[in-house]
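Scroll down for the structure; my scribbles are underneath it.
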Amino acid sequence: MQKARAKISVLLLIITVVAACILRFFQIYSDTGITGSYAVYLIIFVGFVFAGVYAGSKRNLAKTFDIENGQRSVFLSSMILAVTFFYDFIHQGYNCYDYVSRVSYVDYTYIVPLGISGVFALLSCFYFLTFSLTMKNSNYDFRNFTLLHFSPVIWAIVKLFGIMLQIVDIKVNSEICCEFILLCVIICFLLSMISAVDRGDAPTTAFFVFSSVILAFMSCVVGVVRVALIIAEKGNNMNSVSFSAVTYIMLGIFSIHLLSDIYKRSK
C-alpha cells in the first residue's frame with residue numbers, strides 16, 4: 001500500500017511540475033494577470049501536498065550519509081554543484097563591478113547583499129568540493145568543516161534578504177514569489193543536511209525526504225524556466241535578483257541524487 005501511494009505521489013508530482021512550468025512559460029508570453037499568478041501558487045501548494053504524502057510513505061530508510069563506504073554515485077553531482085557555486089561567485093563579482101561602473105550613486109541595499117552572496121557562493125563551492133571528495137572516499141571529511149556547513153545556508157538567506165528588500169505585488173509578480181518559496185525550501189533542505197550530519201547513523205527522516213523532493217520540484221519551476229528564457233532571449237523578463245538559475249537546478253538534481261542513493265542503501 002505504501003509503495004503504491006509513493007508511486008502515485010511521484011506521478012502526480014511530475015504532472016504538477018510540468019503543469020507549473022507550462023503555466024510559468026504562458027505567463028511570460030501572455031498577460032495572465034492575477035488569475036495566472038493564483039494558478040501558479042495553487043499548483044505549487046498541490047505539489048507541496050504530494051511531496052508530503054510521498055515523504056510520509058517512506059519507512060525504514062538508511063542513514064543519510066555513508067561516509068565509511070563512500071557514496072561514489074553522489075560524487076559527480078556534488079562536484080558539478082561546487083562548479084556552479086563557483087560560477088555563481090564569478091557572476092556576482094561581475095554584477096557588482098558592472099553595477100558600480102554604470103551608476104553615479106551606489107545603492108548599498110542592492111550592492112551589499114550582492115557582494116555577500118558572492119562571498120558565500122565561493123565558500124559554498126569549497127564546501128561542496130569537500131563534500132564530493134569525502135564521497136569519493138578520500139582523506140577529506142566534510143563533517144570536520146563545521147562552519148562551512150552554514151555557508152550555503154547563509155548564501156540562500158542573503159539572496160532571500162535581497163528579494164525581501166523589493167516591494168512587489170505577489171498577485172502579479174509570481175516570478176519573485178516563486179524564487180522566495182524556492183529559497184525557503186533550499187534553506188530547509190540545507191538545514192536538514194546539517195541535522196543529518198549531527199544525527200550520525202540515525203535513519204533518514206521524513207522531513208529530509210520532503211525537503212529533497214520539494215527542492216527538486218521548485219528548482220524546476222524556477223530554474224528550468226529561467227534557463228529556457230535565457231535561451232529564448234527573454235532574459236529581460238526575469239527577476240533582477242536572479243543570479244544563477246543553473247545553481248538552483250543543480251541543487252535540485254543533487255537533492256534527488258542523494259535521495260536515490262539513500263533508497264539504494266535501504267533495500
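The values are calculated or read from the model by the stated rules, or taken from the named source; none is laboratory data. Values in this document were obtained by computation on a predicted structure and should not be read as measured data. Note: ideal-geometry Cβ built from the backbone for every residue, glycine included; neighbour counts use all protein chains shown. Heavy atoms of the whole protein, side chains included, go into the accessibility calculation; ligands, DNA and RNA do not. Shrake-Rupley method; radii C 1.70, N 1.55, O 1.52, S 1.80 Å.
Overview of results
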item: Ranking by accessible area, most exposed first, for Phe189, Phe48 with a 1.4 Å probe; result: Phe48, Phe189
item: Helix runs (DSSP H) in the chain reaching 27 Å along axis by Cα, Kyte-Doolittle at least -1.0; result: 2-29, 33-56, 72-102, 108-135, 174-199, 245-266
item: Amide proton proximity set for Lys63, modelled H, under 5 Å, gap of 5+; result: Thr204
item: Length gained when the stretch Ala228-Ile34 is fully extended (0.36 nm per residue, less Cα-Cα span); result: 67.5 nm
item: Net +/- balance of residues flanking Tyr94 in space, Cβ distance below 14 Å, scoring K and R +1, D and E -1; result: -1
item: Cα gyration tensor shape for the chain, rounded if a/c is under 1.5, else prolate or oblate; result: oblate
item: Nearest-10 value in Å² for the accessible area of Asp66, using the 1.4 Å probe; result: 20 Å²
item: The chain: calculated mean residue ellipticity at 222 nm from DSSP helix runs of at least 4, using -39500 (n - 2.57); result: -25500 deg cm²/dmol
item: Charge dipole magnitude, Cβ of K and R +1, D and E -1 - the chain, Cα centre, debye nearest 20; result: 1000 debye
item: Centroid-to-centroid separation of region 94-114 and region 178-208 [C-alpha atoms, Å]; result: 33 Å
